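Here, each number is a calculation from the coordinates, and none is a lab measurement. On a predicted model such as this, the values are computed, not experimentally measured, just so you know. Ideal geometry is used to build each Cβ from the backbone, glycine not excepted, and the neighbour counts take in all protein chains shown.
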Amino acid sequence: MSKYTPMIEQYLSIKEQAKDAFLFFRLGDFYEMFFDDAILASKELEITLTGREGGATEKIPMCGVPYHSAENYIQRLIEKGYKVAICEQMEEASATKGMVRRDIVRVVTPGTVMEGKVLGDKSNNYMVCVTETDGMLALAACDLSTGELYVTSVPDSKEWLLDEINIYEPSEMLGDGHLLDFVTSRMSPVGRRVVYTSWDKSKDDLVRDQFGEATWARLTEERRRCVSRLISYLNETQKRSLGQLTQISVYEPNHFMILDPFTRRNLELVETVRERSKKGSLLWLLDRTETSMGARLLRRWIDKPLLSSNLIEERLEAVDKLYHQFIFREDVRAQLKEIYDLERLVGRIAFGSANARDLIALKLSLARIPSLRELCAESPSKTLRRIAQTLDSCTDLCALIEEAVADEPPISVRDGGLIKEGYHQRLDELREASVNGKRWIAELEAKERAATGIRSLKIGYNKVFGYYIEVTKSNLASLPEGRYERKQTLANAERYITPELKEKESLILEAEDKMVDLEYTLFSELRSKLNAEIPRLQKLAEQVAEIDVYQSLASVSSERGFVKPELTTGYDFVVEQGRHPVVEAVMKDGGFIANSTVLEEADAHILLITGPNMAGKSTYMRQVALIAIMAQIGCFVPAARAKVPMLDRI
């Protein structure tokens, strides 16, 4: 004989599949937690711990959260480094005899969050996988919310591995145990979840299915294994299509400047040393982006300065033209300002979690693309004109959303009100039936008031009793005999029904139920159509982000009086009247004294800098480093003139 009730037995069997996660077990309108999960969750979430009879001699610890607000509680647990398994009812309780079938539909981890406060608008949320194969170290980094997936590898170099992981600042790391142990011993584990995984050759097919045979063939063996490990983990936890992952971006480490973690920290590239704040960093100074995806791309450029002079010159050419064309630059900014976060909107569409308001945001964004494309096509910049030639305005997708989705839809996709009138004939017919039914209800209320002389008589509705006629007790004597059937007694009133009211109620509710179901079906079909166009939308998001970064660098350069650097393939590094860009920006009196730097192959290879404390030695050295980094990301620099060679490491 079982120790627990069938429902608790079902909970325990499902919990076996998610031993290291909080199991959010759906019971009606709540997600419930039991046993140790409940005890720990009540402390972490500061919610009431109760008990439930479950067949055992003692009450089972239990706590729960409403399903409609569960996202907030899940976010709080994720922020603390936990993971959460979502267990849903897989069938309607009303249509099932016996126990409702339940199953885990998704496991939320720090690296797989798709929305909410955990995701910073201007920062990525990366998951990193690190593996070793035949002496080669591979690293794959994925932001599931934007659909980005990068992979690279080098001969065995654990120091390189630390440098690369620091660039991505992952919220979750997985891969080979010995590599993860090394990384966590050298980095603070706070805020990062670590998962030991092993390679399973049978999972390679997941990568082939996801990205195609051609992409698989281009990957080296160590990169294949690393990506395979990552995709396998995502499939196991997300249990749904990963349609937002459409391409693997392969890069070689020697294409970018090497910046070790100490250099990044001391130069305060993306955050300050003391407060770990963006304000006061190089990123803070250069970020005048108008879109979230532009801000994220700018950070990636700062994290990885280029070593290709051709690519840098392309960037500088666009920045230069925007720098000298103020009106054109402001027109571009005006269009970008109205564009939402395309990358994450597309990610939610692919994930199946986008609601109608997300589609409206997508429509409003796409409506701005034709004007942005026209501006770039007519610009004096070759780089921007090149982008415009391949910029897909996606006007067909914009028109599709415009035709189907209501202008001001609700947040929920299950409550109706999503689809415009005129989009679907059957839906319009059901709406007409519902409207006519409610009009009939209003007319019946007026008629009954006239027949009984009771001015306070009203017809109401609730989910338990349906439609009813409510009469205060002081007016009961005015009701005619035999016409009304008592339904419910209140403290000060009685509620009644009539045969004709009951008949009309069934017609109205049937129409409304069918209407809501049909709207959800139509919305899901629309979302699926957009899902098929994910690669187009992702390419568009990349191009918009690139344009945004160019205007940002141009705006800051113009505002701060920066100049275009002269890139050389030699060794000479010459800066005339250089300034530390951030120190100059934060000084209230604007009193930063410009200085020069001359490092020439034929004369001075090294500068020996001496002076008392507070003389500015470290500021001077950082200034030179930042000028080099700014030049190699394609930005103008704080100087009267700058001749900058290609630096492979700082």
* Asked: With the contact rule set at Cα under 8 Å and sequence spacing of 6 or more, what percent relative contact order holds for the stretch 171-238?
  -> 33 percent
* Structure fact -> Contact order relative to length for the chain, counting C-alpha pairs under 8 Å separated by 6 or more residues, stands in percent at 12 percent
* Asked: With the radius of gyration and the Kirkwood radius both derived from the Cα set of the stretch 372-423, what is their ratio Rg to Rh?
  -> 1.27
* Solution diffusion estimate, µm²/s, Stokes-Einstein, the chain, Kirkwood Rh from C-alpha pairs, 37 °C, viscosity 0.692 mPa s -> 113 µm²/s
* Do any trypsin sites (Lys or Arg not before Pro) in the stretch 504-597 lie in a loop, going by DSSP, with at most 11 other beta-carbon atoms within 10 Å of their beta carbon, and if so which? -> 588
* **Other-chain or far-sequence residues with amide H under 5 Å of residue 405's (modelled H)** => 420
* Asked: Hey, what's the Cα Rg ratio for the stretch 28-163 versus the globular rule of thumb, 2.2 N^0.38 Å?
  -> 1.42
* **Reference-scaled alpha-carbon Rg (2.2 N^0.38 Å with N residues) for the stretch 247-346** => 1.23
* Just list whichever of 15/463; 43/463; 83/122; 239/420; 83/463; 83/363 have alpha carbons separated by over 28 Å in the model shown. => 15/463; 43/463; 239/420; 83/463; 83/363
* To do: Could you work out how far the C-alpha centroid of the stretch 530-609 sits from that of the stretch 138-163, in angstrom?
  => 26 Å
* Residues with amide H under 5 Å from that of residue 172, placed H, sequence gap 5 or more -> 128, 193
* So, in Å, what gap is there between the alpha-carbon centers of the stretch 56-110 and the stretch 500-520? -> 30 Å
* To do: Please work out, to two decimal places, the log10 of the ratio I(q)/I(0) at q = 0.09, 0.14, 0.15 Å⁻¹ from a Debye calculation in which every Cα of the stretch 127-255 carries one identical scatterer.
  => -0.22, -0.55, -0.64
* Structure fact -> Among chymotrypsin sites (Phe, Trp or Tyr not before Pro) in the stretch 463-523, those in a DSSP loop whose Cβ has at most 15 other Cβ atoms within 10 Å are 465
* In whole Å, how far is the Cα centre of the stretch 397-446 from that of the stretch 287-330? -> 45 Å
* To do: Normalising by the residue count of the stretch 383-444, find the relative contact order in percent from Cα pairs under 8 Å and 6+ residues apart.
  => 20 percent
* Which ³J(HN,Hα) values in Hz, rounded to whole numbers, follow from the phi angles of the stretch 253-258 under the Karplus curve 6.51 cos²θ - 1.76 cosθ + 1.60, where θ = phi - 60° and Gly and Pro get x? -> x, 6, 8, 10, 4, 8
* Loop-resident sites, the stretch 564-645, for GluC sites (Glu not before Pro), counting at most 13 other Cβ within 10 Å (DSSP) -> 600, 601
* Structure fact -> What helix-only [θ] at 222 nm does the chain give? Using -39500 (n - 2.57) per DSSP H run of at least 4, over all residues, to the nearest 500, the answer is -14500 deg cm²/dmol
* Taking the Cα atoms of the stretch 6-108 alone, what are Rg (to one decimal) and Dmax (as a whole number) in Å? -> 13.1, 40
* Asked: On alpha-carbon atoms, Rg over Rh for the stretch 271-403 using Kirkwood Rh?
  -> 1.01
* Asked: What does the charge count near residue 179 come to, summing +1 for each Lys or Arg and -1 for each Asp or Glu among other residues with Cβ under 9 Å from its Cβ?
  -> -2
